[in-house]
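What follows is a short report on a single structure.
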Amino acid sequence: MKFFVDTADIAAITELNDLGMVDGVTTNPSIIAKSGRDILEVTKEICDLVSGPVSAEVVATDADDMIAEGRKLAKIADNIAVKVPLTWDGLKACNVLSSEGNMVNVTLCFSANQALLAAKAGATFISPFIGRLDDINLDGLELIEDIRTIYDNYGYDTQILAASIRNANHMSECAKIGADVATAPPNVIKAMANHVLTDNGLAAFLKDAAKANIKIV
Ligand code: E4P
């Protein structure tokens, strides 16, 4: 499973990228607003840092304006994936932008039918939002499973980009289901390393090492 990092925080992207953990980056208007930076400038900086796809989201709502914004975003760098919302106009924009050779990430997906339409419209990525479904007592992971089944039934090559990931368990569950990509905030990716038995085991080993005066360098 590819790891995308869901942030515009350059320091956090750099730290994970230096470890080889970053296969791409996703942003959205809320993430860009939080960065306090100009969208074109911060997105360019991310694209220079990371070789994989960097999703940059349009803010228009009608197809023609989304297409114009998408074309401008795509000019930032070769690794831009233009992100459009899963509306009827978003699907029209996806169809045009992808036929022009751009990567397109269709976002705000909350149903299998929406995912089916995105694949038909030529999306490179579909972004089902797990956490926001869980927030309203629906099963976000079940949606990932349904989309996996549908895409495999018909051989769609649209990649399932599991989004709105809120905890480390979501990451392993997505990997078990066969999501192609999971995008998560840096703290969630780092939390995947945590286990209480690792902490306890290490504390015991270090105590014994100190008692026995074990020195290596
Ligand atoms: C993905 O592309 C979105 O930017 C993101 O995962 C949304 O996550 P949230 O529901 O935690 O805001």
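The values are calculated or read from the model by the stated rules, or taken from the named source; none is laboratory data. Please read all numbers here as calculations on a predicted model, not as lab measurements. Cβ atoms come from the backbone with ideal geometry, glycine included; neighbour counts cover every protein chain shown.
In table form, for the structure just shown:
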| read-out | value |
| --- | --- |
| Some residue of region 44-54 being within 24 Å of Met171 (Cβ to Cβ), in a helix (DSSP H, G or I) and touching a strand residue (DSSP E or B) at 6+ places or on another chain (Cβ under 6 Å) | yes |
| Those residues of region 1-60 which are within 11 Å of the ligand (Cβ to nearest atom) and aromatic (Phe, Trp, Tyr), in sequence order | Phe4 |
| Filtered residue count, region 55-71, keeping only those that are more than 13 Å from Met103 (Cα to Cα), in a helix (DSSP H, G or I) and not aliphatic (A, V, I, L, M) | 3 |
| Qualifying residue in region 143-159 (condition: touching a His at 6+ places or on another chain (Cβ under 7 Å) and free of Cβ contacts under 8 Å to residues at least 60 places away in the same chain) | no |
| Checking Gly36 against (1) under 16 Å from the mean Cα position of the chain (by Cα); (2) on the phi > 0 side of the Ramachandran plot, the condition it does not meet | (1) |
| Matching option when the condition is surrounded by 21 or more Cβ atoms within 10 Å (Cβ to Cβ), modelled with pLDDT of 95 or more and assigned to a loop (DSSP other than H, G, I, E, B), among Ala123, Ala77, Ala81, Ala93 | Ala123 |
| Failed criterion for Pro186 (all others in (1) farther than 15 Å from Thr7 by Cβ; (2) surrounded by 11 or more Cβ atoms within 10 Å (Cβ to Cβ) hold) | (1) |
| Of residues in region 155-172 being small (Gly, Ala, Ser) and in a strand (DSSP E or B), the one nearest to the ligand (Cβ to nearest atom) | Ala163 |
